[in-house]
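Here the structure is laid out as structure tokens; the discussion comes afterwards.
The values are calculated or read from the model by the stated rules, or taken from the named source; none is laboratory data. What you see is a predicted model; the values in this text were computed from it and never measured. As a convention, Cβ positions derive from the backbone with ideal geometry for all residues, glycine included, and neighbour counts pool all protein chains shown. Accessible surface areas use protein heavy atoms only, side chains included; no ligands, DNA or RNA. Shrake-Rupley method; radii C 1.70, N 1.55, O 1.52, S 1.80 Å.
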Amino acid sequence: MLRRSIPIACLFLIVAACIGLSGRSASAASWKPVSQRELALTAADIGDPDADAAILFREGGVNDTFADGTSLRMYIRIKIFNERGRRWADVQLPYRVELGRITDVHARTIRPDGTPFEVDSRDVFDKLLMKTSHGIWRAKVFSMPAVEPGSIIEYRYRQIYPDGFRYFALDLQSDLFTLDLFYRIEPPLVSKLDMRWITFNARDSKEFTPQWDGSSYYIKASNIPAFRREPMMPPERAVKIWGWLYYTNGSEVKPEKYWRDYSTRAFWRTESETKPTHIIKRIVDTITLPNEPTAAKIARIYDYVQAEIKNVGYRDPTKVETVPDLALKRNNSAEETLIRRYGTPVEINRLFVAMLRACGLDARVAELTTRDELTFHRGFVNSFQLNSEVTAVLARGSIDFYDPGTLYCPIGMLAWEKEAVPVIVHGNYKDIFAETPLTDASRSGQHRVIRIGWSRNGSPDVSAEVRLVGQRAVEARNELASLSPEERVKRFADLQRDSVPGTEIDESAALEVDQKPGPLILTYKYDCPRAFMRTEKRVLIRPALIGRGDEPFLAGPRRVNAVYFPYPWSEIDRVEIAVPTGSVVEQLPDPIELDIGVARYRASFSLSNGKLIYERVLRVGGIYIAADQYDAAKAFFDRVHNADHTVISLRQN
């Protein structure tokens, strides 16, 4: 905790510093001199001869005294050690559109002989990165010129938050080793709020605790190890060292009391927002039957909300809106959402709560922290970390959860990032916290039926029907729904080619993408020559490789971070191979079964009605494999990889 208690004399010092800042704006825009020591620095000098690059310094200034909002100025200098390090010449500065923008980008390269090359402002571009249920991310992107081993690259930029902030995330660790880190933090001159700080994922949090120097706070640290990125790792904020700077007017309280009080206040606030008005009751009476079971009523209301209320999600304020002006208005109640027939995920969730309450059910708003970005910290007594919500229905001592605010999410499931996380059910006085359930692996994944016939010239004709179910279907629908039919086919064909090299897709494929939750069905024809090998008398087939890549699932020999799956998943394949006239199947392989508890694999071969049937099932029932369990997990997936290379031989008589 940081208590901001500034004497009157210090206020004058801060004011004088701010006045001086404007007078020094011209000199502040210049680059810092590059020393001969920096130019001569090698990877061995930082204790890692294999390092590709290192951050010489990372300096940031958070200033919350400007009229145009909170300002973060960053200055980063990087030394390139070898050819591999040249990849750091492509720079990407991400920002979240809803919170602010990045301006004043300057960058340059200093060659080993000290010659500088500036990046022209025309070569700095703005790029859309992604849209999620929480917001829109864009980035300033540019490439540094004339980069070679021994070069230094550096760039500065300003990130502006027009609405100011009460909560601010500061990166303390980078993908590169950092020699020196320095942040200066200038809070508002006059505020009734206290500034506080919490460090996440650091072995010694005191190393990064801000210190007061009489006029502002500062963070100073040295020799920070590089953050190790790995495939299928937990969300960055769950493992990377970072800090949360925030203002609060709350007094220090015990976590249990804080969350109980928060749950009570939130309950009475949302109670009025989800009031089942006369209009809501009339609609509920129209779409439900008086004597049907409660589960059937909930399902009818869920289907109505998902089908009839347009989910506007998040909109990019930098784009020209094409929806009616009405859609820009915020719904202040569940009734407004119903009347206007559109809403954000939160507004749709609260309409669902109100409609369930109209049926006499004990339905409530439940808040949570999604695990795609953050991890909920119960000891961090601040509700800002709660970033999403679902519906909780309490009955006979149990709680059922629903997620109508997630597009295409079927009833009985939540968006994957909302599953298996702590949740605060508003006004649930018996237990402050509950936990959302995790969808079973059998309900999410990919089910394929692949049929192989033979043309007159003896080449294989391959057709597939793929059913994406559960969480996998929700992901695919959200990705494909905004595309035209032609774009959907091309997108899927590109994904198939990337995952199965050498595949040629028939782009007359039919992709069924409707607006209803449930399985997503894709049918297509394709060629997969690498799965077939022909000799003079035989055709050798590797059935498992007809529809998937040939790379090991876990390739690295060692692991620093845990292996993290968004959700439990399954792959169920059935390959039906017509046996050509005049050919016989040579010895069938024995069935293969593998089981390590969290994951299971089974493959079998049989003959039926002139067809060779190959069946394969892979289920991963958990979402987290600790780093110290990596060897066992890798051994399992390596055995799966070997089993997938099983060859079937068709011999001509």
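Here r is the Cβ-Cβ distance between GLU256 and GLU236 and R0 is 22 Å; the resulting FRET efficiency, rounded to 0.05, is 0.15. Rg/Rh for the chain (Cα atoms only, Rh after Kirkwood) is 1.01. The alpha-carbon of LYS430 sits under 16 angstrom from the alpha-carbons of these lysines, leaving out residues fewer than 8 places away in its chain: LYS257. Between ASP362 and ILE287, the contour length at 0.36 nm per residue exceeds the alpha carbon distance by 25.1 nm. Among the chymotrypsin sites (Phe, Trp or Tyr not before Pro) in the range 410-479, those placed in a DSSP loop whose Cβ has at most 13 other Cβ atoms within 10 Å are TYR429. Considering only alpha-carbon pairs that sit under 8 angstrom and 6 or more positions apart, the relative contact order computed for the chain is 9 percent.
Legend: residues TYR614, TYR218, sorted from most to least accessible area (1.4 Å probe; ligands, DNA and RNA excluded), read TYR218, TYR614. Cross-link reach is defined here as a Cα-Cα straight distance under 18 Å, omitting same-chain residues fewer than 8 places apart; for LYS281 the lysines meeting it are LYS297. Between the helical axis of 278-287 and the longest alpha-carbon principal axis of the chain there is an angle of about 10 degrees. Report note on the peptides 64-75, 576-587: ranked by the mean count of other C-beta atoms within 10 Å, highest first, their order is 64-75, 576-587. Structure note, pairs LYS206/LYS240; LYS275/LYS516; LYS329/LYS418; LYS131/LYS240: Cα-Cα distances above 18 angstrom occur for LYS275/LYS516; LYS329/LYS418; LYS131/LYS240.
A simple packing score, the average count of other Cβ atoms within 10 Å per residue, orders the peptides 644-651, 360-367 as 360-367, 644-651, with the highest score first. Extension gain, ASP204 to ASP638: 0.36 nm times the residue separation minus the Cα-Cα distance gives 152.5 nm. Given a 1.4 Å probe and the protein chains as shown, MET232 ends up with an accessible area of around 60 Å².
For the range 177-277, what is the accessible area per residue in Å², given a 1.4 Å probe and the full set of protein chains?
Accessible surface, normalised per residue, equals 52 Å².
Post the alpha-carbon centroid distance, the range 411-464 to the range 600-653, in whole angstrom. Between the Cα centres of the range 411-464 and the range 600-653 lies a distance of 20 Å. In the range 196-258, Cα pairs under 8 Å separated by at least six residues give a relative contact order of 47 percent.
Near the amide H of SER151, within less than 5 Å, lie the amide hydrogens of ILE80, all on another chain or at least 5 residues away, with H placed in the peptide plane. Across TRP569, TRP212, the residue with the most accessible area heads the list, and the full order at a 1.4 Å probe is TRP212, TRP569. Could you state the angle between the C-alpha long axis of helix 345-358 and the longest principal axis of the C-alpha atoms of the chain, as a value from 0 to 90 degrees rounded to the nearest 10? Helix 345-358 sits roughly 70 degrees off the main axis of the chain.
How tilted is helix 485-499 with respect to the longest principal axis of the chain? Cα atoms for both, answer in degrees (0 to 90, nearest 10). Between the helix axis and the principal axis of the chain, the angle is about 90 degrees.
Scanning residues 5 or more positions from ALA562 or on other chains, those with amide H under 5 Å from its amide H are ALA627, with H placed 1.01 Å from N in the peptide plane. Remark on TRP454: its backbone amide H falls under 5 Å from those of ASP461, a criterion applied only to residues 5 or more positions apart or on other chains, H modelled at 1.01 Å from N.
Phi angles of the range 388-395 translate, via the Karplus equation with coefficients 6.51, -1.76, 1.60 and θ = phi - 60°, into HN-Hα couplings of 7, 8, 9, 9, 10, 10, 9, 7 Hz per residue; Gly and Pro are given as x.
Calculated mean residue ellipticity, 222 nm, the chain: -6000 deg cm²/dmol, from DSSP H runs (n ≥ 4) at -39500 (n - 2.57) each, averaged per residue and rounded to 500. For the range 63-121, the relative contact order comes to 15 percent (Cα pairs under 8 Å, sequence separation of at least 6). Computed packing ranks the peptides 84-90, 541-547 as 541-547, 84-90, most packed first, by mean other Cβ atoms within 10 Å. Each residue was assigned an accessible area with a 1.4 Å probe, and for VAL124 the value is about 40 Å².
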